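Down below is the structure, laid out as structure tokens.
The values are calculated or read from the model by the stated rules, or taken from the named source; none is laboratory data. Everything numeric here is computed off the predicted structure, so don't read it as measured data. In this analysis, Cβ positions are derived from the backbone assuming ideal geometry, glycine residues included, and neighbour counts consider all displayed protein chains.
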């Protein structure tokens, strides 16, 4: 199927449905076994060094709480710029991910750093608001200077089979983003089956997503290795068919360096080098960063430093 | 810079290989009387690991006598529950020493440590645990109120899963009250000799398990020995035939688990990525040295291009090399003889006009290696679609309808296993009822469990191992 054929897919509700339900199924036992198998890869010494630095540079350092303040966001931005103040070789994170109203604070704090400002929008995390409200949310964040938008899909519409509605909403959001990168959160914990994850991945890519993202972090389970594997297979197959490379963001529940390295192994062995770059793979996380820093320092010095030697922000 | 995995070798310091080994007879390691000695090597490096005895007829005689004495005086008189206790003890020791045994298996066999650690050893222990549970429940196994053991079992096992095949043989035999003389394959004797040590550690009465090492002559002396009541063999169909001939007309009960040329059948509605994994696991697991390997891939013609694209992409990530490296997927071919056979049949495949493909893959300089290989454009008439290659070589054929898939799958002298990949449950059942194979896997491949019987149709042998069915081979029923 070529790119032009794929354009016809979204022509009507029937063609879209036929396409999404015609994607190869995902066998639950098989995909979980594959993910578990990849998780046994033993990443040591130079490979570990490479993976830890790459993981740091792929982090969307996140705070998404009702209690967030400008002070908290500024502290997070400082952490993102120099995650390990004692080690100048430590790369900065990829982005700071916050609610839309705090975008101006982050833009100011990150000026000149090259770190992206990502805002969650479209009535995050539930996505339950009228479309014009969601789009206004997006526009406001972009006008305030966010260069990445993390939108949520309407899971209710998706589960009810109203695929065109989900599609149109993503298309409209993409338009509202302008130059900003669009990450589409599938909230896989609510989609429940791997078949749905694959369908939602394709739906989002067909609608123009730059990145597909697992979760909001507000629903359990959030990112899992098998879910991420299914999404990586989708972006791999999508590029093979259309030539367009879409990124993946695993968000929520990834707290240890060991876990992060496992995700990178899955990226490496599913999609290859082209996706091992912060433009195409991200971790949505907060506490993960300090564990990565601890492991980095352990690798460099040979001993573990206590948590008090790493900044809490 | 790409993500290059640094070497992650499992340490081999945990294993202690003696410079030479005798025979385990009557609870002791003893030197052979009329036997010679041979070397066992690490197939990944060609380094000599140890010198092992090749038991001669007198040695075999002695081993059978020890087994007979242990059967008469001790083992058959023990309460069933006591037999179970010994088996549980062996199972626990196997678990405790699993890392050591996994490393030893990898060194002697060439299989990746990932497989010996995650597949072989857990299954070995599980098999002993499972049959330990049966020991005192035989009255309820469906073979009459008080089924009796057979006596002395002669067991000959192959080199592809040395310790696992030992477990498949010894655990049910002992649980049913038999004593055994086991001959491991000549290229992989070391884990069986380590198992001898485990028998001593478990205080198993002397003579209940005897291990005689050697090659074909030793095996022949063992199965033809008049003192054995039961012969169990896993290996090639050719040797299986010789054994069947040699025991014909005797009182010996026989089970044979022989070769295979399994069809792995992928329908157009299969879960594609998992089917690719299943194909890889079906033929490249254990370097394809698996009697039930999915060596014939039957793909519905409408998806063959897509499937092969995915399969080739996947094979591009497969890691061949040092079997002790924890990231190795494909290890060394077990012996130069086997390597020669794989090479020969592969060149026959090319000569017959099939298209050969392997991913870019550096083979180590020393040791016995063969790259993962696909043959496309294969038809039923090709030798590589009919003969067991027993290596990492996959023949790809196509079909148009379920009936054609079934016809091609069954059109083989073998019948050990088959795989069916489809999201349609009714089709799985339709196929499973009609496939003439001992095991039919649905949306998976090469999955083993001690509770599940295993065995073949036609030239893949007779008798079942594993599960309740596996008891029958060791009981007088």
Counting just the residues of region B:449-477 that are closer than 18 Å to residue B:126 by Cβ and surrounded by 20 or more Cβ atoms within 10 Å (Cβ to Cβ), which one comes out farthest from the other protein chains (Cβ to nearest Cβ)? B:471
Exactly one of B:13, B:76, B:50 is modelled with pLDDT under 95 and either closer than 23 Å to residue B:150 by Cβ or more than 14 Å from chain A (Cβ to nearest Cβ) (or both), and that one is B:76
Region B:317-338, residues that are without any contact (Cβ under 8 Å) to a residue 40 or more places away in the chain and part of a helix (DSSP H, G or I): B:336, B:337
For the structure I just gave you, tell me whether residue A:23 is at the interface with chain B (Cβ under 10 Å from one of its Cβ atoms) and either in contact (Cβ under 8 Å) with a residue 40 or more places away in the chain or more than 30 Å from residue A:195 (Cβ to Cβ) (or both). yes
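Results for (1) more than 22 Å from residue B:154 (Cα to Cα); (2) assigned to a helix (DSSP H, G or I), shown as yes or no for each residue.
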site	(1), (2)
B:58	no, yes
B:71	no, yes
B:81	yes, yes
B:84	no, yes
B:87	no, yes
B:108	yes, yes
B:132	no, yes
B:136	yes, no
When you scan region B:115-123, do you find a residue that is farther than 25 Å from residue B:285 by Cα and in a helix (DSSP H, G or I), even just one? no
How about region A:46-85: which of its residues are under 19 Å from residue A:264 (Cβ atoms) and free of Cβ contacts under 8 Å to residues at least 60 places away in the same chain? A:46, A:47, A:50
Looking only at region A:43-97, which residues are away from every other protein chain (no Cβ under 14 Å), surrounded by 17 or more Cβ atoms within 10 Å (Cβ to Cβ), in contact with a strand residue (DSSP E or B) (Cβ under 8 Å, 6 or more places away or on another chain) and assigned to a loop (DSSP other than H, G, I, E, B)? A:63, A:64, A:93, A:94
For region B:16-39, give me the residue count where each residue is assigned to a loop (DSSP other than H, G, I, E, B) and either within 14 Å of chain A (Cβ to nearest Cβ) or in contact (Cβ under 8 Å) with a residue 12 or more places away in the chain (or both). 11
Give me a count of the residues in region A:203-221 that are touching a helix residue (DSSP H, G or I) at 6+ places or on another chain (Cβ under 6 Å), surrounded by fewer than 24 Cβ atoms within 10 Å (Cβ to Cβ) and within 16 Å of residue A:184 (Cα to Cα). 3
Which residue is farthest from residue A:238 (Cα to Cα), if the candidates are limited to region A:28-42 and must be facing chain B (nearest Cβ under 7 Å) and in contact (Cβ under 8 Å) with a residue 40 or more places away in the chain? A:41
Out of A:235, A:227, A:267, A:261, sole residue that is crowded, with 21+ Cβ neighbours inside 10 Å, within 21 Å of residue A:180 (Cβ to Cβ) and within 14 Å of another protein chain (Cβ to nearest Cβ): A:235
I'd like to check something: does region A:101-110 contain any residue that is within 14 Å of residue A:56 (Cβ to Cβ) and surrounded by 15 or more Cβ atoms within 10 Å (Cβ to Cβ)? no
Residues that are touching a strand residue (DSSP E or B) at 6+ places or on another chain (Cβ under 7 Å), under 29 Å from residue A:5 (Cβ atoms) and in a loop (DSSP other than H, G, I, E, B), drawn from region A:241-295: A:246, A:279, A:280
Determine if region B:96-110 includes at least one residue that is in contact with a strand residue (DSSP E or B) (Cβ under 7 Å, 6 or more places away or on another chain), over 23 Å from residue B:179 (Cβ atoms) and buried (at least 23 other Cβ atoms within 10 Å of the Cβ). yes
Would a scan of region B:270-290 turn up a residue that is part of a loop (DSSP other than H, G, I, E, B), at pLDDT 95 or above and more than 14 Å from every other protein chain (Cβ to nearest Cβ)? yes
Filtered residues of region B:358-373 (kept if touching a helix residue (DSSP H, G or I) at 6+ places or on another chain (Cβ under 7 Å) and more than 13 Å from residue B:323 (Cα to Cα)): B:359, B:370, B:372, B:373
Inspect region B:377-392 for any residue being touching a residue at least 40 places away in the same chain (Cβ under 8 Å), within 30 Å of residue B:8 (Cα to Cα) and touching a strand residue (DSSP E or B) at 6+ places or on another chain (Cβ under 7 Å) and give the result as yes or no. yes
Which residues, taken from region B:354-373, are surrounded by fewer than 17 Cβ atoms within 10 Å (Cβ to Cβ) and more than 15 Å from residue B:394 (Cα to Cα)? B:360, B:362, B:363, B:364, B:365, B:366
Residue within region B:294-316 that is out of contact with any helix residue (DSSP H, G or I) (no Cβ under 9 Å at 6 or more places or on another chain), farther than 30 Å from residue B:404 by Cβ and touching a residue at least 12 places away in the same chain (Cβ under 8 Å) present: yes
So, of the residues in region B:432-447 that are more than 14 Å from chain A (Cβ to nearest Cβ) and surrounded by fewer than 22 Cβ atoms within 10 Å (Cβ to Cβ), which turns out to be farthest from residue B:141 (Cα to Cα)? B:434
